[in-house]
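K.L.:
I'd like to ask you about the structure that follows.
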Amino acid sequence: MEVLIIDDEKPIRDAVRMIVEDADHYAECVGTETAALERAKEENFDLVLLDYNLGPTNGLELLPKLLAVKPQLAVVMLTAQGTIQLAVEAMRLGAIDFLEKPFTPAQLHIAMARAQKYRAAARQVVELKKEVASVQPEPFFESTSPAVGAVLDVLFRAAPSQASILILGESGTGKSVAARAVHERSQRAGKPLITVNCPSLSRELLESELFGHVKGSFTGAVRDAWGKVKAAEGGTLFLDEIGELPQEIQAKLLRLLQDREYERVGEAVVRKADVRIIAATNRDLLDLVKKGQFREDLFYRLNVISVVMPPLRDRPSDLLVFAERYLEFFARQVGRKMKGFSEAAKRMIQLHGWPGNLRELRNAIERAVILSHELVVTPADLPAIQASAADASGQVVPAVGEMVSLAELEHAHIMRLIARCESLAEAADVLGIDPATLYRKRKRAEAESRREPAGSAA
């Protein structure tokens, strides 16, 4: 925890600080109301130890001011004038505990433990409020795809263990969602799931974010700080896009995995960590190992349990289910009573390759719901995927594996290829047939197309 000690007597501040730091927490001291409010505004402290007597003012007057700055702040009132009336008043104003001077280190430790539980509960409430405010459909776990079922079976069987898990797959396939599902099914579910986005920071800042640092260890390190490893204590540390992890940090991560030990930046104190590692990447780690860009020993430490998230294009049976789920969600979010997709729009969704996977599908449906002129989504509402699902004439074309005849598939392929090539001869060369054969196939297909409307009218 990060603790702010507010007391106007320096010997007491120093003594309390020593007890706090001996318990492996960070402590900072101030002696006035002005300094206390300034530090509370600047930093996110987990706990404030507030003395009742502060010279010209008192702790009961300062307490509501602190909570106005940081409503979730845990405050323990300290006083040498302990009375039931004072304790009741402190609690009424928002303190979570009351400690009478002189107190023993054990009594302060108990108060800090209560504060930790209070902060954990407060964080959980905040997270629940966020989830309620922005509930996102999670279609990934409602798949009819055998490939996805096999992945989930491995993940959920591995969840109760302490083994490291490596989740591979393209961007947008649901790797972070899978990591959260594993954490929620593990024995660490009651503890934090902390995410570190490996490509987001420079090497120096990423190392500090992971392991923490001490004051003065680098430019801008104005005070001691704990890292994400400490924040995830007892829980799960999720390393997203670990393929981007700088090599200098890979050795430290290997030590964390092997020995459960780490050191903060600029500090020689070896600290123990109780965290479970889940890593994810869209890169080929074995290829990076061969190129010398990723440590082989780290790869095998991470690769205890490994799964590959299937891309959306390999899950055709899920496409319309996911699209309809997103449609319902975004329609409800913007207050529109959407009635679904036109048949042409459904076919277009099924034909698109979805290189951005679930993230791309989500964005496409959100845009369609917001900008659609009608209550039914049409191809015109899906411009981002229209080109990949239509031929030169704008007609939706069948895809490999769709329920169509060979003749229809051949016609679609020929017409799209002709549109891309500069001449029939070039297209014939690509197809491996002579130009005369290609000419006849094209004429026959065009004739069939001209007869199609009459047949459908009948």
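The values are calculated or read from the model by the stated rules, or taken from the named source; none is laboratory data. Quick caveat, the model's predicted, so the values are computed rather than measured. Don't worry about glycine lacking a Cβ; one is built from the backbone with ideal geometry, like all the others, and counts go over all protein chains shown. Calculation scope for accessible area: heavy atoms of the full protein, side chains included, ligands and nucleic acids excluded. Shrake-Rupley method; radii C 1.70, N 1.55, O 1.52, S 1.80 Å.
K.L.:
Condition first: β-branched (Val, Ile, Thr), in contact with a Phe, Trp or Tyr (Cβ under 6 Å, 6 or more places away or on another chain) and modelled with pLDDT of 65 or more. Can you find one or more residues in region 380-395 that meet it? Spell out the reasoning first.
P.N.:
Here is the first cut: in region 380-395, the ones β-branched (Val, Ile, Thr) are 385.
Now drop any that are not in contact with a Phe, Trp or Tyr (Cβ under 6 Å, 6 or more places away or on another chain), which leaves none.
Looking through region 380-395, none of the residues is β-branched (Val, Ile, Thr), in contact with a Phe, Trp or Tyr (Cβ under 6 Å, 6 or more places away or on another chain) and modelled with pLDDT of 65 or more.
K.L.:
Scan region 270-310 residue by residue and report those that are aliphatic (A, V, I, L, M) and either modelled with pLDDT under 90 or within 21 Å of the chain's Cα centre (by Cα) (or both).
P.N.:
Val275, Ile277, Ile278, Ala279, Ala280, Leu285, Leu302, Ile305, Val307, Val308, Met309
K.L.:
Which members of region 51-78 meet the condition of being in a helix (DSSP H, G or I) and buried (at least 17 other Cβ atoms within 10 Å of the Cβ)?
P.N.:
Going residue by residue through region 51-78, those that are in a helix (DSSP H, G or I) are 59-69.
Across region 51-78, the qualifying residues are Gly59, Leu60, Leu62, Leu63, Leu66, Leu67.
K.L.:
Just need a number here: residues in region 70-97 that are over 36 Å from the mean Cα position of the chain (by Cα) and not β-branched (Val, Ile, Thr). Write out each step before concluding.
P.N.:
So in region 70-97, the residues over 36 Å from the mean Cα position of the chain (by Cα) come out as 77-93.
Cutting the leftovers down to not β-branched (Val, Ile, Thr) gives us 77-78, 80-82, 85-87, 89-93.
Here the count works out to 13.
K.L.:
Same structure again: Can you tell me which residue among Arg301, Arg295 is open to solvent by 50 Å² or more (accessible area, probe 1.4 Å), touching a Ser or Thr at 6+ places or on another chain (Cβ under 7 Å), on the phi < 0 side of the Ramachandran plot and not polar (S, T, N, Q)? Can you show your working first?
P.N.:
Values: Arg295 fails: touching a Ser or Thr at 6+ places or on another chain (Cβ under 7 Å).
The match here is Arg301.
K.L.:
Just to verify a result, which residue in region 270-292, among those that are charged (D, E, K, R) and assigned to a strand (DSSP E or B), is surrounded by the fewest Cβ atoms within 10 Å (Cβ to Cβ)? Don't jump to the end; show me each part of the working.
P.N.:
Start the filter on region 270-292 by keeping residues that are charged (D, E, K, R), which leaves 271-272, 274, 276, 283-284, 287, 290-291.
Of the ones still in play, those that are also assigned to a strand (DSSP E or B) are 271-272, 276.
Numbers: Arg271: 16, Lys272: 9, Arg276: 23.
This residue is Lys272.
K.L.:
Does region 223-231 include one or more residues that are part of a helix (DSSP H, G or I), open to solvent by 30 Å² or more (accessible area, probe 1.4 Å) and of a type in the set (Gly, Ala, Ser)?
P.N.:
Let us first name the residues in region 223-231 that are part of a helix (DSSP H, G or I), namely 228-231.
Narrowing the set further to residues that are open to solvent by 30 Å² or more (accessible area, probe 1.4 Å) leaves 228, 230-231.
Next, only the ones that are of a type in the set (Gly, Ala, Ser) stay: 231.
Within region 223-231 (the criterion being part of a helix (DSSP H, G or I), open to solvent by 30 Å² or more (accessible area, probe 1.4 Å) and of a type in the set (Gly, Ala, Ser)), the answer is yes, since at least one residue qualifies.
K.L.:
Report, ordered by the first and then the second residue, all pairs with beta carbons closer than 9 Å, sequence separation of six or more or different chains, a first member in region 251-272 that is on the phi > 0 side of the Ramachandran plot, and a second member that is part of a strand (DSSP E or B) and at pLDDT below 95.
P.N.:
Arg260/Lys272; Gly266/His213
K.L.:
Looking only at region 183-215, which residues are open to solvent by less than 50 Å² (accessible area, probe 1.4 Å), among the hydroxyl-bearing types (Ser, Thr, Tyr) and closer than 19 Å to Ile278 by Cβ?
P.N.:
Across region 183-215, the qualifying residue is only Ser186.
K.L.:
Here is a list: Ala95, Ala35. Which entry is under 30 Å from Gly212 (Cα atoms), exposed (fewer than 15 other Cβ atoms within 10 Å of the Cβ) and in contact with a strand residue (DSSP E or B) (Cβ under 9 Å, 6 or more places away or on another chain)? Don't jump to the end; show me each part of the working.
P.N.:
Working: Ala95 fails: exposed (fewer than 15 other Cβ atoms within 10 Å of the Cβ).
Every option except Ala35 fails the conditions.
K.L.:
Condition check: in a strand (DSSP E or B) and not charged (D, E, K, R). Does Val177 satisfy that? Walk me through how you get there before you give the answer.
P.N.:
Working: in a strand (DSSP E or B): no; not charged (D, E, K, R): yes.
So Val177 fails the test.
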